[in-house]
Protein chains: 2
Amino acid sequence: MAGGPYELQPIGWVESPLVDREHAPRQGTEGAPDAWLVFDDGVRVALADLRCGSDVVVLTWLDRARRDVLRVHPRGDPANPEEGVFSTRSPDRPNPIGLHRVGILAIEGTRILVRHMEAIDGTPILDVKPVLDRGLDG
Amino acid sequence: MAGGPYELQPIGWVESPLVDREHAPRQGTEGAPDAWLVFDDGVRVALADLRCGSDVVVLTWLDRARRDVLRVHPRGDPANPEEGVFSTRSPDRPNPIGLHRVGILAIEGTRILVRHMEAIDGTPILDVKPVLDRGLDG
């Protein structure tokens, strides 16, 4: 009934000083560095109206995550009781899509510098969306 | 460099009185009805810690969207100047992933009733994430 599978085609990737998952902060607000979003030339016209100073939602494919994990100790701490992954932001989940709210610092053609991005170097980018006025993600 | 493609496997689907895209509201806050999220039994343990009254982010696959559209008239209104899709919430975009912030109204096993969901009936569900404390989507 649910259909699928469906095929994702990345539109770019993350360039970041973060090179492994062990050292990545758990959220962008927890000391994540600035990172470049490097887009394929084929989506240049789709990017053309993004502006410095605005916030966007970036969706990524967490390609180093495990897809067979359904329960985790939140924040990777065994002292935290195990929870279903849909109650956590664990990268390990059936469809490991990363959700990042970031501010745009600079735009150079198809390269966009964003603040506080916790995805690691080489992470594929799937989509960029504006933040809605009500400041939420719906 | 970006790698891929990657394969999404839906974890459930939306049951909604909205049956066609033409009549769907553009955002959940614009008169969208309540809808059931119906999950595959295989992800039951991943859902177990969701609670009535909490807000979650639901990611869907907008399977009736066009993936070859890079610029649109925002809100489908030809009077609005064309913009790149990454500056809009248009369902038509290279990877048509829907982002919905909804409140949980009821939970019956693997069926979850949510408020104000603008996705149409049969839309595949990809992921569910908690809303972070700062109330945003990062």
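For the stretch A:28-39, what are the residues that are open to solvent by 10 Å² or more (accessible area, probe 1.4 Å) and touching a Pro at 6+ places or on another chain (Cβ under 8 Å)?
Listed by number, the residues that qualify are A:G31, A:P33.
Contact list please: Cβ distance under 8 Å, first residue in the stretch A:1-27 and more than 16 Å from B:I97 (Cα to Cα) and touching a residue at least 60 places away in the same chain (Cβ under 8 Å), second residue part of a loop (DSSP other than H, G, I, E, B) and basic (K, R), pairs at least six apart or on different chains.
A:R21/A:R64; A:R26/A:R89; A:Q27/A:R89
Among the residues of the stretch A:76-96, is any more than 7 Å from chain B (Cβ to nearest Cβ), under 11 Å from the mean Cα position of the chain (by Cα), touching a residue at least 12 places away in the same chain (Cβ under 8 Å) and open to solvent by 20 Å² or more (accessible area, probe 1.4 Å)?
Scanning the stretch A:76-96 turns up at least one residue that is more than 7 Å from chain B (Cβ to nearest Cβ), under 11 Å from the mean Cα position of the chain (by Cα), touching a residue at least 12 places away in the same chain (Cβ under 8 Å) and open to solvent by 20 Å² or more (accessible area, probe 1.4 Å).
Name the single residue, out of those in the stretch A:1-32 being touching a Phe, Trp or Tyr at 6+ places or on another chain (Cβ under 7 Å) and in a loop (DSSP other than H, G, I, E, B), that is nearest to B:P10 (Cα to Cα). Break it down stepwise before answering.
So the first thing to find is which residues in the stretch A:1-32 are touching a Phe, Trp or Tyr at 6+ places or on another chain (Cβ under 7 Å), and the list is A:1-2, A:6, A:8, A:10-12, A:15.
Cutting the leftovers down to in a loop (DSSP other than H, G, I, E, B) gives us A:1-2, A:10-11.
Details: A:M1: 10, A:A2: 6, A:P10: 18, A:I11: 21 Å.
Filtering the stretch A:1-32 for residues that are touching a Phe, Trp or Tyr at 6+ places or on another chain (Cβ under 7 Å) and in a loop (DSSP other than H, G, I, E, B), the one nearest to B:P10 (Cα to Cα) comes out as A:A2.
Report yes if B:G109 is touching a helix residue (DSSP H, G or I) at 6+ places or on another chain (Cβ under 8 Å), among the small types (G, A, S) and without any contact (Cβ under 8 Å) to a residue 24 or more places away in the chain, otherwise no. So that I can check it myself, show each step before the final result.
Numbers: touching a helix residue (DSSP H, G or I) at 6+ places or on another chain (Cβ under 8 Å): yes; among the small types (G, A, S): yes; without any contact (Cβ under 8 Å) to a residue 24 or more places away in the chain: no.
In short, no.
Out of all the residues in the stretch B:97-116, which are in a loop (DSSP other than H, G, I, E, B) and facing another protein chain (nearest Cβ under 9 Å)? Explain how you work it out, then say what you get.
Start the filter on the stretch B:97-116 by keeping residues that are in a loop (DSSP other than H, G, I, E, B), which leaves B:109-110, B:115-116.
Of everything in the stretch B:97-116, just one residue is in a loop (DSSP other than H, G, I, E, B) and facing another protein chain (nearest Cβ under 9 Å), namely B:H116.
Quick check on my filter: what residues within the stretch A:14-27 are open to solvent by 40 Å² or more (accessible area, probe 1.4 Å) and touching a strand residue (DSSP E or B) at 6+ places or on another chain (Cβ under 7 Å)? Please lay out each step first, then the result.
Keep residues of the stretch A:14-27 that are open to solvent by 40 Å² or more (accessible area, probe 1.4 Å), which gives A:15, A:17, A:19-23, A:26.
Answer for the stretch A:14-27, where residues must be open to solvent by 40 Å² or more (accessible area, probe 1.4 Å) and touching a strand residue (DSSP E or B) at 6+ places or on another chain (Cβ under 7 Å): just A:E15.
The values are calculated or read from the model by the stated rules, or taken from the named source; none is laboratory data. Small disclaimer: the values here were computed from a predicted structure and weren't measured. Don't worry about glycine lacking a Cβ; one is built from the backbone with ideal geometry, like all the others, and counts go over all protein chains shown. In case anyone asks, the SASA skips ligands and DNA or RNA and just uses the protein heavy atoms, side chains included. Shrake-Rupley method; radii C 1.70, N 1.55, O 1.52, S 1.80 Å.
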